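What follows is a set of notes on a single structure, which appears directly below.
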Amino acid sequence: MAAYLNDGMLLYLDHLVDWDTYFRWRKGDDADVPTERETLRVICDTAAEICASIEPAARADWEESARLENGEVRVPKHIADGYEKLREAGIVSFGVEEEYGGVALPGLVGNWILQMVARADAGLMTIVGLQAGVALDIQKYAPEELKREWLPRFATGEVQGAMDLTEPQAGSDLGAITTIAREDGDATFLDGEKIFITNGGCEVHLVLARDADTAEQSKGTTRGLSLFVCPRHLPDGTPNGVHVERLEHKQGIHGSPTAAIRFSGARAWRIGTKGEGFKAMLDLMNNARLGVAAQGIGIGEAALDEALSYTRQRVQFGTPIGEQPLVKNMLAQMVLELEASRALLYRCCALLDRNDAIAARLARGGVPEAEAAELEQMRERNSTRVRLLTPLAKYMATETCDRLTRWAVQLHGGVGFMAESVVGRLHDDGIITTIYEGTSEIQVSFALKEMSKGALFVVFDELRKELDELEGEPFDALAEKVRTGIQQILDASSALIQDFGYALLSARRLADAAVDVIAATELLRQARVDERRVDLATSWVNRRMLAVEMNTKRIAEGDVSRIDRCERIIGVYEAS
Ligand SMILES: Cc1cc2nc3c(=O)[nH]c(=O)nc-3n(C[C@H](O)[C@H](O)[C@H](O)COP(=O)(O)OP(=O)(O)OC[C@H]3O[C@@H](n4cnc5c(N)ncnc54)[C@H](O)[C@@H]3O)c2cc1C
């Protein structure tokens, strides 16, 4: 069984991130980098130890759901106990800055912690993930007074957070939000209904609502939306107008409470600029997308461990089934997909961290003009890359989770289909990762939009630079195959310009091809510092560059009539 703090993470902790630059930019030239790195290691070890201890109760009480008692949400014991262990160790809201009482962990390390929590208890991860994300949004957008009020309480784990976007008529399309925000003097009040709100019984709600004074003009669009902090209690301790109407019964992640919330004249405090709440919420959503990607990886890892141990001990035809070539290939493919998804996710998180460090360096001042201009340029390019890598990382990690958990069920045979099967439950938990924080279809559509704005060129430019730096065998030959894949994608993408409908039709293929070459480059980077990973990178390149060729050939056909043919095909069935 892979360790909670596994090689895939240690590679980045020990080799693949330039921590020296990161800490000097973030904290100044006198940063004590060895001590900082040691602290990261201790935090990761602690998280790994806690998560391993959380896992047995989470598996045993998987069916336990949250309950609603007199308007208050009660989470199951395994969730409350797990949360308390993390809280006591100071591993909640891990992005909160030191000045507000937090530990300000790099995003990459925070992402590992979420992955570990998800592997142990996918339901608990949703609570910890949202708490960290909501705190980050308050830190970035709220006025100082609100930060001082809430962030120290997030850092100690006293309060938790929820993100309230979805309404019955506004799911993927948040422009349809109708929850209204009315100003009365200096105060603002919310009225409306939100559904599917994870951890909706918590204290601090971040709510996306439509400003009443511009509601008519902005109707049906994401303009005119503002973001609000809306607590369940007012400063004097009396209840605010935030009501938990009901909790949903779900197919998986039972320990995570999913609530319908009614706001009736709820006092709220705006964060960020009026009418630009959607932009601010995108920050939280992007962060949450990387969190859900971590959740996918964590659940996938748990399923892979189960599959490996079962196929070693289950004997059929006189040998363990894991010795059958077909099964061996499935297991190897599961490892490959998991490692490739991880590679893409970590690449994205590390870029975000680098940008945070650049921002801190520039904010401290005293940077010579030429260097500051260079840093700004780097930050801009990194932001462009992150905007494309984030939806791709979420898409890839969560689809991988779905496939891995499904294959883990398959490899358990009939046992996998039993109600109490761990892998069956992991599959039930994993499906949601491809749906919330934007479905897979929404992620690939977002990615397409970023590509059309030029992000693909920036991302590929960086890949080519990295590939050109690889030397010696087998790297030369592998890099050449990836370079060919990149060129095939660029050539094929010109077929998308002619028709927007055709571009949307091809968005999944294009996303698949893009993640294949990006993950390939990152796996090669890993293999350069850890020779045990050369086989991983080789196999990924050999398998996936064939898929890139196939996908890009299909895109390059540019056959716009396929959209109508889809319609006719559906018609054949419906008329039958
Ligand atoms: C357990 C759970 C927890 C959740 N937690 C939260 C939370 O904490 N806060 C919150 O605000 N929301 C939350 N949600 C809501 C979640 O984010 C939405 O369910 C999700 O965004 C999809 O919206 P929808 O369910 O309305 O589906 P729809 O938008 O109706 O989509 C249905 C299908 O149509 C597809 N589709 C829709 N539009 C397009 C398009 N333009 N192109 C291609 N395909 C499209 C979708 O991909 C999907 O396959 C949660 C949901 C669940 C189930």
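Read the figures in this text as sums done on the coordinates, not as results from a lab. Here the structure is a predicted model, which means the values were calculated and not measured. Here the Cβ is made from the backbone with ideal geometry for all residues, glycine too, and neighbour counts use every protein chain on show.
Need one number: convex hull volume per residue for the chain, Cα atoms only, in Å³.
Convex hull of Cα atoms, per residue: 183 Å³.
Whole percent per 10 Å bin, from 0 to the bin with the longest distance: what is P(r) over all C-alpha pairs of region 8-152?
10, 36, 34, 15, 4, 0
Which loop-located chymotrypsin sites (Phe, Trp or Tyr not before Pro) does region 130-201 contain, where loop means any DSSP state but H, G, I, E or B and the Cβ has at most 10 other Cβ atoms within 10 Å? List each step's numbers first, then the result.
Details: sites: 141, 150, 154, 189, 196; in loops: none.
In loop regions of region 130-201 (DSSP not H, G, I, E or B), there are no sparsely surrounded chymotrypsin sites (Phe, Trp or Tyr not before Pro).
Please arrange 553, 394, 140 by counting, for each residue, the other beta carbons lying within 10 Å of its beta carbon, fewest first. Intermediate results must be reported in sequence, preceding the final value.
Values: 553 12, 394 35, 140 15.
By the 10 Å Cβ count, ascending, the order reads 553, 140, 394.
Along the Cα→Cβ direction, 7 angstrom out, place labels at residue 568 and residue 99. What is the inter-label distance in nm?
Result for the modelled spin labels: 6.5 nm.
Of the beta bridges DSSP finds with both residues in the chain, what % are antiparallel, to the nearest 5?
85
Would you calculate, for the chain, the mean residue ellipticity at 222 nm contributed by helices, counting each DSSP H stretch of 4 or more residues as -39,500 (n - 2.57) and dividing by all residues, to the nearest 500?
On the way: 19 runs with 349 residues, N = 576.
It lands at -20500 deg cm²/dmol.
With +1 on the Cβ of every Lys and Arg and -1 on the Cβ of every Asp and Glu, and nothing else charged, how large is the dipole of the chain about its Cα centre, in debye rounded to the nearest 20? Could the numbers behind the result be given before it?
On the way: 65 positive and 90 negative charges, 222 e Å.
The calculation lands at about 1060 debye.
When a/c reaches 1.5 or more, the comparison of a/b and b/c decides; with that in mind, is region 161-277 rounded, prolate or oblate per its Cα gyration tensor?
Here region 161-277 falls in the oblate category.
Name the residue farthest towards the positive end of the dipole of the chain from the options 79, 100, 545, assuming +1 on Cβ of Lys and Arg, -1 on Cβ of Asp and Glu, about the Cα centre.
The listed residue farthest towards the positive side: 545.
Where does the Debye-calculated log10 I(q)/I(0) of region 454-575 sit at q = 0.12 Å⁻¹, using only Cα point scatterers of equal weight, no solvent?
-0.50
If you rank 315, 92 by fewest surrounding Cβ atoms within 10 Å, what's the result?
Arranged by neighbour count, lowest to highest, 315, 92 become 315, 92.
With just the Cα atoms defining each centre, how far is region 366-390 from region 199-267? Give it in Å.
35
Need one word for region 242-349: rounded, prolate or oblate. Basis is the Cα gyration tensor (sqrt eigenvalues a ≥ b ≥ c); a/c below 1.5 gives rounded, then a/b vs b/c decides.
Details: a/c = 6.07, a/b = 2.13, b/c = 2.85.
Cα axes put region 242-349 in the oblate bin.
Taking 2.2 N^0.38 Å as the expected size of a compact globular protein, what ratio does the Cα radius of gyration of region 200-263 give against it, to two decimals?
1.38
Kindly point out which whole DSSP H helices in the chain project their C-alpha atoms 15 angstrom or further along the helix axis while averaging a Kyte-Doolittle hydropathy of -0.5 or above.
Helices passing the filter in the chain: 33-60, 107-120, 122-141, 277-313, 325-364, 440-452, 455-469, 475-493, 507-529, 534-556, 561-575.
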